[in-house]
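A.B. asks: First, the structure itself, so that you have it in front of you.
The values are calculated or read from the model by the stated rules, or taken from the named source; none is laboratory data. Because the structure is predicted, anything quoted here is derived from the model rather than measured. Cβ atoms come from the backbone with ideal geometry, glycine included; neighbour counts cover every protein chain shown.
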Amino acid sequence: MPDILTVDGLPQSFTDENLKDLFTSYGDVLTATIISPQHIPSYRYGFVQMATAAETERARQALNRTTIDHQLILVFKSMSQYGTVGNASGSN
């Protein structure tokens, strides 16, 4: 199973579909989910899972430290995984 990417610093206007569209040009996106913790509603991050490890790495290299709607995003391999991306939650 390819690594899951964390995308940090997403604009508040971004949706799951926007996140998927952002990564689609780098390969087949299996899942794309945005999280907005209740205790910090302005902070948004997401998880993306690509079909292959090569696509995952290509997307990470291309999108890390780019800007979207004047916001710097960071893209990195997730340190911890919550099972599958579809089961990720913002709660601890």
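A.B. asks: Say we look at segment 25-47 and pick out the residues that are of a type in the set (Val, Ile, Thr) and free of Cβ contacts under 8 Å to residues at least 24 places away in the same chain; which of these is surrounded by the fewest Cβ atoms within 10 Å (Cβ to Cβ)?
C.D. replies: So the residue we want is Ile40.
A.B. asks: Which condition number in (1) in a loop (DSSP other than H, G, I, E, B); (2) out of contact with any Pro (no Cβ under 8 Å at 6 or more places or on another chain); (3) modelled with pLDDT under 95 is the one that Gly86 fails?
C.D. replies: Result: Gly86 fails condition (1) only.
A.B. asks: Quick check on my filter: what residues within segment 1-30 are hydrophobic (A, V, I, L, M, F, W, C), closer than 20 Å to Met79 by Cα and part of a loop (DSSP other than H, G, I, E, B)?
C.D. replies: Within segment 1-30, Met1, Leu10 qualify.
A.B. asks: Sticking with this one: Among the residues of segment 31-47, how many are within 17 Å of Asp16 (Cα to Cα), of a type outside the set (S, T, N, Q) and assigned to a loop (DSSP other than H, G, I, E, B)?
C.D. replies: Going through segment 31-47 one residue at a time, the tally reaches 4.
A.B. asks: A further question on this structure: So which residues in segment 1-14 are surrounded by 13 or more Cβ atoms within 10 Å (Cβ to Cβ) and within 19 Å of Gln71 (Cβ to Cβ), if there are any at all?
C.D. replies: Answer for segment 1-14, where residues must be surrounded by 13 or more Cβ atoms within 10 Å (Cβ to Cβ) and within 19 Å of Gln71 (Cβ to Cβ): Leu5, Thr6, Val7, Asp8, Gly9, Leu10, Pro11, Phe14.
A.B. asks: Anything in segment 48-78 that is surrounded by 19 or more Cβ atoms within 10 Å (Cβ to Cβ), among the hydrophobic types (A, V, I, L, M, F, W, C) and assigned to a strand (DSSP E or B)? List them, or say none.
C.D. replies: Passing the criteria: Val48, Met50, Ile73, Val75.
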